[in-house]
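Right, one structure below, let's go through it.
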Amino acid sequence: MEHSLPQRALAETLGTALLVLVGPGSVVATLELAGKSTPAITGADLLGISFAFGLVITALVYALGKVSGCHINPAVTFALAATKRFPWREAPVYWGAQFVGAVLGGLAIWAVFAHTGMDLGMGQTSFNQASTPWASAIFAEGIGTALLMFAILGIVDSRSPGDFAGIVIGGVVVAIIMVIGPVTGASLNPARAIGPELVSAIGGGATHWNQYLPVYLLPGLVGSGLAAVTYDYLATPRRRERPIAAAVTHPDPTDLAAAK
């Protein structure tokens, strides 16, 4: 039985909120623990942050995948819709839910860390324009999101071992953040990027709005779309409207008993 659209929208809102609370929240926590240390975030810290993102995504895939597909990322929804795995008519509802969830997650970070969270940047993603060329930042976010999308489609293909979907998706997020994180913060998710930034703006903190559209929104959409098209060309998968839901959902024992 398929969940209703309001149920799925609520799952996307909750999932994105938890992703933002734990992911960017781990950045704030790391900076708070670092104090005045130089550098503020070391290689070991980056590994810890990447695992925070990866583990929460793994948990969310298994908890919410059976409800909404656990997109929790506008770029993922876009790619699935563009390749006819997800209905376009429902995409705006998912996008709205994801962006609302991201803002709620940002507000939760503010609630947990109070003014310290605002002072430490709310876990926003940004890049140093003085040392990183715009082209490098755009390419980093595009290729990072493409790799994430490619991995998602590969593991949720009905011919792949779907029980490992959450582990693989979470693991690839860890790997991507370890490479892209030092360059752009490795947003890989337009909602994750905007939530903390909007809350920071509300609280009078620092923002980087000039970077959002060219680095954290458009490259992610393009990268995920190209990854989906490339995957279809290479693997010709059996298409599913909501592939993550199919990969992590098992038959209900009560339904099987009733069928007998």
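The values are calculated or read from the model by the stated rules, or taken from the named source; none is laboratory data. Keep in mind that this is a model prediction, so the values were computed, not measured. So basically every Cβ, Gly included, is an ideal-geometry build from the backbone, and we count neighbours across all protein chains shown. For the accessible areas, the whole protein counts, side chains as well, though only heavy atoms, and no ligand, DNA or RNA atoms are used. Shrake-Rupley method; radii C 1.70, N 1.55, O 1.52, S 1.80 Å.
Brief remarks on what is shown
- The set of residues from the stretch 187-235 being without any contact (Cβ under 8 Å) to a residue 24 or more places away in the chain and β-branched (Val, Ile, Thr) comprises just one member, Ile202.
- For the stretch 176-196, residues that are in contact with a Phe, Trp or Tyr (Cβ under 7 Å, 6 or more places away or on another chain) and in a helix (DSSP H, G or I) total 7.
- Ala75 meets the stated requirement of being buried (at least 17 other Cβ atoms within 10 Å of the Cβ) and in a helix (DSSP H, G or I).
- Hits in the stretch 5-38 - residues which are more than 24 Å from Trp110 (Cβ to Cβ) and open to solvent by less than 50 Å² (accessible area, probe 1.4 Å): Arg8
- There is no residue in the stretch 108-119 that is open to solvent by less than 10 Å² (accessible area, probe 1.4 Å), touching a residue at least 40 places away in the same chain (Cβ under 8 Å), closer than 17 Å to Leu188 by Cα and touching an Asp or Glu at 6+ places or on another chain (Cβ under 9 Å).
- Any hit, the stretch 129-141, residues being in a helix (DSSP H, G or I), open to solvent by less than 40 Å² (accessible area, probe 1.4 Å) and more than 17 Å from Leu221 (Cβ to Cβ): no
- Where Ala186 falls short, out of the listed (1) open to solvent by 10 Å² or more (accessible area, probe 1.4 Å); (2) under 15 Å from the mean Cα position of the chain (by Cα): (1)
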